[in-house]
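Engineer: Structure provided below as structure tokens; questions to follow.
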Amino acid sequence: MPVISIITPCFNEEASIAKFYQSIRQIFDEKLPHYQREHIFCDNASTDRTVTLLKEIARTDPSVKIIVNSRNFGILRNTFNGVCSASGDAVLLFMPVDMQDPPELIPDFVRLWESGYEIVFGIRDKREEPFMMRTLRRLYYRIISSFSYVSYPPNVGDFQLIDRKVHQALLRTHESDPFLRMMTFEVGFRSVGVPYTWRARAEGRSRNNLAQLIDQSFIGLISFSNIPLRLALFSGFAISVFSIIYGLAVIALTLMGYVVAGRGIPTIIVALFFFSGVQLFFIGVLGEYLLAVFNLARNRPIVTERERVNFVDK
């Protein structure tokens, strides 16, 4: 019987974990009876009863597997570690407990995968969230889609079902901060999108705060775009050319008697602050790339695990 792996990262989800588990199990029992389920929960060192509840579920359901991290490693690394542990013929990269990505789409994803698509991705066509946050997300997705060297459709998250061959290709990549939603498109293969409504969180609040969202956005942009570096190069060149032309113009006007010595001090002060700001900005851009290289060179494990449940030692 073919196996479909589902990766669910979680952190302090005791209020939703039981309902979520039952909804996934019901979908497989009713809509996908010919598939075996491998549901991997990746716990990021929860401080509530999440792990206890998961272990209670795992005792009665061997299809549920649990990875408990030694500390919170962030959602990107936590999710990718679960993906690396999957053994299915197809892998659903990200199925959150909050069910903002609707689990009822899983059978549709599976049917498209059966028809020959190796990557089936969800498109967040509509969002049930405040206007400002919705606008900022759409703007970011549009920027990263336009600037990336990878052909990446806008409004696509990690809610993707991938074939085993795509999964194996992902395992051969080396990323210190894996940005899954774009890594699948980088390896290629046939893909198709499914539009859906990204729903409001049913219970509790998201643990992915603004600082983490900003960090993840930088990771995506730095990992899959050369635009920031090219922008620094061409901006520096343009500013240098403009400065040379301006300097020659000032010299010429001075020789012609149009510029009086001693004038232009405010202009010099403004220009000094402007160019200093430009330099600091682009030093910061270079720093982000150097940090990415540094993290990759350290070759640290994606996460450090405290324990595993229901995994068979090979």
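Engineer: Using the C-alpha gyration tensor of the range 110-173, what are the square roots of 5 times its eigenvalues, in whole angstrom, with the largest one first?
Structural biologist: Values for the range 110-173, descending: 26, 16, 9 Å.
Engineer: Excluding residues fewer than 8 places away in the same chain, name every one of the lysines whose C-alpha is closer than 27 Å to that of K126.
Structural biologist: Within the straight-line limit of under 27 Å, K126 reaches these lysines: K19, K31.
Engineer: For the range 73-151, count the residues as N, evaluate 2.2 N^0.38 Å, and divide the Cα radius of gyration by that value, please.
Structural biologist: 1.29
Engineer: Averaged per residue, what accessible surface does the range 140-200 expose to a 1.4 Å probe, in Å²?
Structural biologist: With the other protein chains kept in place, the range 140-200 gives 42 Å² per residue.
Engineer: Related question: Pop out the carbon and sulfur fraction of the accessible area of the range 1-52 as a percent, whole number, probe 1.4 Å.
Structural biologist: 49 percent
Engineer: What's the FRET efficiency of E307 with D29 using the Cβ-Cβ distance as r and R₀ = 25 Å, to the nearest 0.05?
Structural biologist: Given R0 = 25 Å and the Cβ-Cβ separation, E is 0.30.
Engineer: Moving to a separate point now. For the pair R59 and L255, how long in nm is the line joining their label points, each one 7 Å along Cα→Cβ?
Structural biologist: With each label placed 7 Å out from Cα toward Cβ, I get 9.2 nm.
Engineer: Scattering from the C-alpha atoms of the range 31-124 alone, worked out with Debye: what is log10 I(q)/I(0) at q = 0.14 1/Å?
Structural biologist: Relative scattering, expressed as log10 I(q)/I(0), comes to -0.59.
Engineer: Given H placed 1.01 Å from N in the peptide plane, which residues other than close sequence neighbours of F94 have an amide H under 5 Å from its amide H?
Structural biologist: Close amide H contacts, sequence-distant or interchain: I7, Q160.
Engineer: Tell me, in nm to one decimal, what length is gained between M1 and H174 on full extension, where the rule is 0.36 nm per residue of separation less the Cα-Cα distance? Please report the intermediate quantities before stating the final value.
Structural biologist: Details: separation 173, 0.36 × 173 = 62.28 nm, distance 3.14 nm.
Net length gain for the segment: 59.1 nm.
Engineer: If you roll a 1.4 Å probe over the heavy atoms of the protein chains, what accessible area per residue do you get for the range 5-103, in Å²?
Structural biologist: 35 Å²
Engineer: Would you please put 70-83, 103-116 in order of how densely packed they are, using the mean number of other Cβ atoms within 10 angstrom per residue and starting with the highest?
Structural biologist: Those peptides, ordered most packed to least, come out 70-83, 103-116.
Engineer: Give the calculated FRET efficiency between D48 and I244 to the nearest 0.05, with a Förster radius of 45 Å applied to their Cβ-Cβ distance.
Structural biologist: Efficiency computed from Cβ-Cβ geometry: 0.10.
The values are calculated or read from the model by the stated rules, or taken from the named source; none is laboratory data. Please read all numbers here as calculations on a predicted model, not as lab measurements. Because the Cβ atoms are built from the backbone with ideal geometry, glycine has one as well, and the counts that use them run over all protein chains shown. Side chains are part of the model used for accessible areas, which takes the heavy atoms of the whole protein and leaves out ligands, DNA and RNA. Shrake-Rupley method; radii C 1.70, N 1.55, O 1.52, S 1.80 Å.
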